[in-house]
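What follows is a short report on a single structure.
The values are calculated or read from the model by the stated rules, or taken from the named source; none is laboratory data. Bear in mind the structure is a predicted one, so any value in this text is a computation, not a measurement. Cβ coordinates were reconstructed from backbone atoms using ideal geometry, including for glycine residues, and neighbour counts include every protein chain displayed.
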Amino acid sequence: MPGWIELQRGDITMIAVDAIVNAANQALAGGGGVDGAIHRAAGPGMADELRSRYHGCPTGSAVLTGSGQLGDHGVRWVVHAVGPIWRGGHDGEEDLLRSAYKTSFLLAEDAGARSVAFPAISAGVYGYPLAGAAAVALRTVRDCLVRAESIERALFVLFSTDTLEAFERALRELTPRG
Ligand code: ADP
């Protein structure tokens, strides 16, 4: 049976799922927004693992680490995804955002996660317009869920009412696959 998508307003560091996805930057050095919140919640062990195992990450891709202190409420992995900076829409942003979600999903799937939570990648400081960011996110994750063997639940955790409403609209408009 294909898995399902849920939308929720909230703070992704408070969510008990197997894997949470971070909106990271190419340097994987920690930053503001959701990245800062996840690093604060996980503690320094996760940053140490990022530094020792990876040398940055290209836009449109992602890497996986353990979850540090987020493990206290059941999170096993953090997937650090690098979404595109919005430059007007003619710089491959849509493909890169799709690729960031797809790579993240597959890393969580390969690790054996059954549930995964995503933030609205690129829709904060990186400036990707909300309606487009929501449509790409939902379409990509829906298509991944159809093929998934391990992940059965994908949750979008949206930090503001505006973001939640944009995702709710995009979910209603999501066309059936095929
Ligand atoms: P990016 O640089 O990819 O745009 P940001 O962290 O600036 O990443 O923003 C991505 C989204 O994450 C925005 O919608 C922002 O409001 C949201 N966000 C910020 N903090 C959190 C949090 N603790 N939980 C979930 N979403 C968050």
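Below, the figures for the structure above:
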| quantity | calculated |
| --- | --- |
| Tally, over the range 103-133, of residues that are surrounded by 18 or more Cβ atoms within 10 Å (Cβ to Cβ), touching a residue at least 40 places away in the same chain (Cβ under 8 Å), under 15 Å from VAL34 (Cβ atoms) and aliphatic (A, V, I, L, M) | 5 |
| Matching entry among LEU97, LEU155 (being under 20 Å from ARG9 (Cα atoms) and under 11 Å from the mean Cα position of the chain (by Cα)) | LEU155 |
| Failed criterion for GLY88 (all others in (1) away from the ligand (no atom under 15 Å from the Cβ); (2) assigned to a strand (DSSP E or B) hold) | (2) |
| Test result for LEU138, within 13 Å of the ligand (Cβ to nearest atom), farther than 19 Å from LEU64 by Cβ and crowded, with 20+ Cβ neighbours inside 10 Å | no |
| Qualifying residue in the range 53-62 (condition: modelled with pLDDT of 95 or more, among the polar types (S, T, N, Q) and within 14 Å of the chain's Cα centre (by Cα)) | yes |
| Meets criteria (away from the ligand (no atom under 12 Å from the Cβ) and under 13 Å from the mean Cα position of the chain (by Cα)) for LEU107 | yes |
| Boolean, VAL79 is within 24 Å of ARG9 (Cβ to Cβ), more than 12 Å from the ligand (Cβ to nearest atom), of a type outside the set (S, T, N, Q) and not in a helix (DSSP H, G or I) | yes |
| Enumeration of residues in the range 60-102 that are surrounded by fewer than 21 Cβ atoms within 10 Å (Cβ to Cβ) and within 17 Å of ARG147 (Cβ to Cβ) | ARG98, LYS102 |
| Qualifying residue in the range 3-17 (condition: among the charged types (D, E, K, R), more than 25 Å from GLU168 (Cβ to Cβ) and more than 13 Å from the ligand (Cβ to nearest atom)) | no |
| First in the range 30-49 and within 12 Å of ASP11 (Cβ to Cβ), second anywhere and surrounded by fewer than 17 Cβ atoms within 10 Å (Cβ to Cβ), Cβ under 8 Å, 6 or more apart | GLY33/VAL125; ALA37/ASP11; ALA41/GLN69 |
| Matching residues, the range 167-178, being surrounded by 20 or more Cβ atoms within 10 Å (Cβ to Cβ) and touching a strand residue (DSSP E or B) at 6+ places or on another chain (Cβ under 8 Å) | PHE167 |
| Set GLY36, GLY32: member being within 12 Å of the ligand (Cβ to nearest atom), more than 13 Å from the chain's Cα centre (by Cα), exposed (fewer than 14 other Cβ atoms within 10 Å of the Cβ) and modelled with pLDDT under 95 | GLY32 |
